[in-house]
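The values are calculated or read from the model by the stated rules, or taken from the named source; none is laboratory data. Predicted, not measured: the structure shown is a model, and the values here were computed from it. Neighbour counts run over all protein chains shown; Cβ positions are idealised from the backbone, glycine included. Areas reflect the complete protein model, heavy atoms only, side chains present, ligands, DNA and RNA absent. Shrake-Rupley method; radii C 1.70, N 1.55, O 1.52, S 1.80 Å.
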Amino acid sequence: MDKRVVIVTGAARGIGHGIAACFARKGDIVVIADLDASAAEQSAGAMTAAGAPESVGLRCDVSRRIEVEAMIEAVLACFGRIDVLVNNAGICPFVDVMQLTPEVWQRTLDVNLNGAFHCTQCVARHMIERGEGGRILFITSLAENVTGPAQVDYGASKAGLRMTMAGFATALGPHGITCNAVAPGMILTPMTAFHWEQPENAAFLKTRVPVARIGTPEDIGNACVFLASPEAAYINGITLRVDGGHQAVCY
Ligand code: NAP
């Protein structure tokens, strides 16, 4: 069988990088699509070192339809197929809702929600035409269900992303394409390092998360690899929470 081709958006760093590395270790061809072309290329180099038979880093702002179309055309020109898409690119400005400008609100929705719509629709068209099914994953957040004053834009985007995933699951299931979400809990990445590197926040996390540690990008990557595997063929339209039990706690 041909090697699978896996696109991970926002994979130059953080969770996306960890997800891509988990697919690379399984021997998949990995495409890193990110805002910064040189960071994407550097990340792709690390994927080859991790075990990917081939990898490529491409610039793509997922909020811009024209860039998404160009990225997908480039992948098809290079590898001829796309088997797995992971919609990971996301931003979290952490601005209190009463100070949030309309522009920041719009950008959060454009990247986190509209970006996943653009990538999913374009990739799904290719998958349907090829007729061999596929797997599409959405990285949401615990914020798809719970939120706070500085995450109103973010929570709205992630709740919308969950329903976007569910809607695509209904549309694409008949074509053998499954859609599922992975909702990370507290994961140490450049997005969150400023918070968790403060000792009092790290201590709070250990009391709050039942497994008593912060999550790693690979914790999320391993869940993605499972949902993209043949063993997960009958799982469609769900969110898999990967949070060390954080959201199960009621105190
Ligand atoms: P991160 O460290 O900030 O990494 C995000 C990556 O996405 C960066 O490489 C960033 O590029 C890229 N990116 C941003 N906007 C983009 C765009 N418009 N098009 C393409 N790429 C773009 O964030 P992370 O913590 O790894 O988060 C990854 C995903 O997990 C996000 O969807 C986030 O909401 C979700 N998540 C994270 C946590 C957590 O605890 N970390 C928890 C729940 C959910 P630049 O560096 O150039 O900006």
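Sub-6 Å Cβ pairs linking a first residue in region 134-155 that is polar (S, T, N, Q) to a second residue that is part of a helix (DSSP H, G or I) and at pLDDT 95 or above, at least 6 apart or interchain, are T140/K158; T140/L161; T140/R162; S141/K158; T147/G155; Q151/A143, ordered by first then second residue. Here L172 qualifies as crowded, with 18+ Cβ neighbours inside 10 Å, away from the ligand (no atom under 14 Å from the Cβ) and over 22 Å from K3 (Cβ atoms).
Can you pull out every residue in region 192-243 that is open to solvent by less than 40 Å² (accessible area, probe 1.4 Å), touching a residue at least 24 places away in the same chain (Cβ under 8 Å) and not β-branched (V, I, T)? Within region 192-243, G215, P217, G221, A223, C224, L227, A228, A232, G237, D243 qualify.
For region 1-47, residues that are farther than 22 Å from A70 by Cα, within 11 Å of the ligand (Cβ to nearest atom) and of a type in the set (A, V, I, L, M) total 2.
Tally the residues that are acidic (D, E) and under 18 Å from H246 (Cα atoms), restricting the search to region 166-209. Reasoning before the result, please.
First, pick out the residues of region 166-209 that are acidic (D, E): 197, 200.
Subsequent filtering for residues that are under 18 Å from H246 (Cα atoms) retains 200.
Of the residues in that region, 1 qualify.
Once region 77-104 is narrowed to residues that are away from the ligand (no atom under 11 Å from the Cβ) and under 20 Å from F168 (Cβ atoms), the residue that is nearest to the chain's Cα centre (by Cα) is L85.
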